[in-house]
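J.: Handing you a structure now.
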Amino acid sequence: MKYEELSKFIVENVGGEENIASMTHCITRLRFKLKDEDKANTDVLKNNDEIVTVMRSGGQYQVVIGNHVPDVYKAITETANISESDNNKDNVSKEKKNNSVLNTLIDVISGIFQPILGVLAATGMIKGLTAMILAFGWVTTEDGLYILLNATGDAFFHFLPIFLGYAAAKKFNVIPFVGMAIGAALTYPTINQVMEGDALYTLFQGTLFETPIYIELFGIPVILMSYATSVVPIILSVYFASHVEKFARKVIPDVVKLFLVPFFTMLIVVPLTFLVIGPVATWISQIIGSGAAGVYELSPVLMGVLVAGLWQVLVMFGLHWGLVPIGLNNIATSGFDPILAAAAIPSFAQVGAVLAIMLKTKNEKLKTLSIPAFISGIFGVTEPAIYGITLPKKWPFIWTCVASGVGGGIIGLVGAGFYMLGGLGIFSYPSFIGPEGISFAVIMAIVATIIAFVLAFIIVYFTYRESTAVAADAINKESVSAQETGSTEVNATILNANDVMSPLQGKVVPLKDVEDQVFASESMGKGIAIEPEIGEAVSPFKGEVVTVFPTGHAVGLKSDTGIEVLIHIGLDTVQLQGEHYEILIEDGQQVKVGDPLIKFDIQEIRKAGYSTVTPVIVTNTTDFAEIGFNETENIDKEELIFTVERKEQ
């Protein structure tokens, strides 16, 4: 049990087993549905070195682990006694969550597609490999190798409704094999054979929904369509089946439920699917596909720029799942999709930025973290790069979005697109190969990924500044080095040993403008003030809590390299007698950069008539030759706030 301790730590800090309504995972994230998200210790989870970050999106509490998330998921299911059946229970009524339409939609889509994503990508890669060896002339369509590989790669897509039927059944709490049976009925070969005969008559002739009728059911025309590779019909059918099955379970005696519940569910749902649900869902799919095609025809370049440029932001919030079924639907209805093709670009921009930082940084830990993030990004798994490296440093992440937009624009300009949903990163290249083989568009699609990579690398390499973007862990490491040498002086070549990071996020206020003469006159020492946007103060360096006031409005700290700092949250707030403050540390406690110190309610403090402007003061200013300030209007937590220059001995 390599991940036993980590799994126990995660379960404990999401509120315990009793707070977990359900749990799934994707490529890099554990996705929890918690009954009460307020019980989760988000900051504690984020501070664990084995956890990349924590996100809340789409009604899910997401713990980003990395590439080994399946192992952690397995460990949690064993250590926390969470069985697969627990994850299928309908816990919606027990959950404390945002029930917005968007959250519900994203949750449903991601819940259905996540379980099949790995196999979907794998078979897509096989289809891509088959297309490549055919395009290179290594095989012909009559060769046994081609026939077997084509069958292996194509079968999953052809019978996609069966697999989606299983995944949707798990999501909607239906007997899984009932979902598969509905999907199998939709792809049953005889249906297509019937459609090859002569039509009895045509419905809706002359309209967008013109449909030939081949069979009738009790005199009612059955609108037969090809449901192979389709997405929407099976999902809607299984959703309807969930209500039928729920009703059947209520009225059918326990002794015969085993076979009568699925009997009546399929007896009702399958004919209704062919009569109503399937045709309506197919028409909806065609409308969506036409809409996407319309936007693409309006401006392929603009679509490419927007999709590629914003894709990483969508991924962060889990909103990219809304585009995945549209892409699959485009492939199913027209055999071509430009949306997911543009979404292939950002992973290359990410690895370009990570490579630039890896070459530029002097921080050994950051350099070490960059290596696996770079390798993962090459294969399309970008969460380690996003959450571990580029996003915390802000501008590198923004530049990757810009570079991605440029690459996406090229994709749109040359008319490149996916003909299948294959692998990620470099494994996405075969997906660009269409029936005509390796065309100019395919070559330019690869060129677009290279341009995104190079552009992100160049911009980040020449704009990245270590002094203002150094990771908190590096500062802690350098502080430890200074402490271990027993020196009160820090060699100037040791990066950031003299730096103090911001304990708050908010607007910077010059100390002279603070409406308190004690602070404004610098009689307590030099510093700056911050108007906080988030009610939490964190440690600005690695060191010790010298004193924390019982009222929680102020805390004094001393770094391991001798810098003494006072954080005074609000003006005259001592009069609140601790109300609206929560102390998270105690005197003498050892802290490192980013450790939570005090939580406070900004709105309530202001309602009580007090200013929340927070002076951050170096109280032993006279020990230093100079104090340099970060000249910025707004500052984030753990961003460089000022640097001390030590006196010559």
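J.: Calculate the length of the line joining the C-alpha centroid of the range 493-551 to that of the range 615-649, in whole Å.
T.: 9
J.: With 18 Å as the limit, write out which pairs from LYS46/LYS592; LYS39/LYS637; LYS367/LYS393; LYS360/LYS394; LYS8/LYS170 have Cα-Cα distances beyond it, or answer none.
T.: LYS39/LYS637; LYS8/LYS170
J.: Average the reciprocal distances over every distinct pair of alpha-carbons in the chain, invert the result, and give the Kirkwood radius in Å.
T.: 28.0
J.: Further question: Counting only the heavy atoms of the protein chains, how much of PHE264 is accessible to a 1.4 Å probe, in Å² to the nearest 10?
T.: 90
J.: Please give the Cα centre distance for the range 586-600 versus the range 4-57, rounded to the nearest Å.
T.: Centre-to-centre distance over Cα atoms comes out at 22 Å.
J.: Let me ask something additional. Only sites in a loop by DSSP and with at most 15 other Cβ atoms within 10 Å count here; which chymotrypsin sites (Phe, Trp or Tyr not before Pro) in the range 202-236 make the cut?
T.: Answer in residue order: PHE204, PHE209, PHE218.
J.: Going by alpha carbons, how many degrees (0 to 90, nearest 10) lie between the helix axis of 4-13 and the longest principal axis of the chain?
T.: It works out to around 80 degrees.
J.: When the accessible area of the chain is computed with all protein chains present and a 1.4 Å probe, what percentage of it is carbon and sulfur?
T.: 61
J.: I would also like to ask the following. Can you give the helix-only mean residue ellipticity at 222 nm for the chain, where every DSSP H stretch with n ≥ 4 adds -39500 (n - 2.57) and the sum goes over all residues, rounded to the nearest 500 deg cm²/dmol?
T.: -14500 deg cm²/dmol
J.: Now for a different question. Give the cross-link partners of LYS526 among the aspartates and glutamates, using a straight C-alpha distance below 16 Å as the criterion and excluding same-chain residues fewer than 8 apart.
T.: Within reach: ASP499, ASP513, GLU515, ASP516, GLU564, ASP623, GLU626, GLU631, GLU645.
J.: Still on this structure, I have one more. Taking only protein heavy atoms and a 1.4 Å probe, what accessible area per residue, in Å², does the chain have with all protein chains in place?
T.: 45
J.: Against the longest alpha carbon principal axis of the chain, how many degrees, from 0 to 90 and to the nearest 10, is the axis of helix 257-272 turned?
T.: Approximately 70 degrees, to the nearest 10.
J.: Order these peptides, 189-196, 605-612, by their mean beta-carbon neighbour count within 10 angstrom, highest first.
T.: 605-612, 189-196
J.: Could the peptides 371-380, 507-516 be put in order, highest first, of the mean number of other beta-carbon atoms found within 10 Å of their residues?
T.: 371-380, 507-516
J.: For the modelled label position 7 Å from the Cα of GLU586 along Cα-to-Cβ, which residues of the range 521-565 have backbone nitrogen atoms closer than 15 Å?
T.: 545-550
The values are calculated or read from the model by the stated rules, or taken from the named source; none is laboratory data. In this text the structure is predicted, and so the values were computed from the model without any measurement. Positions of Cβ are generated from backbone atoms using ideal geometry, with glycine treated the same way; all protein chains shown enter the neighbour counts. For the accessible areas, the whole protein counts, side chains as well, though only heavy atoms, and no ligand, DNA or RNA atoms are used. Shrake-Rupley method; radii C 1.70, N 1.55, O 1.52, S 1.80 Å.
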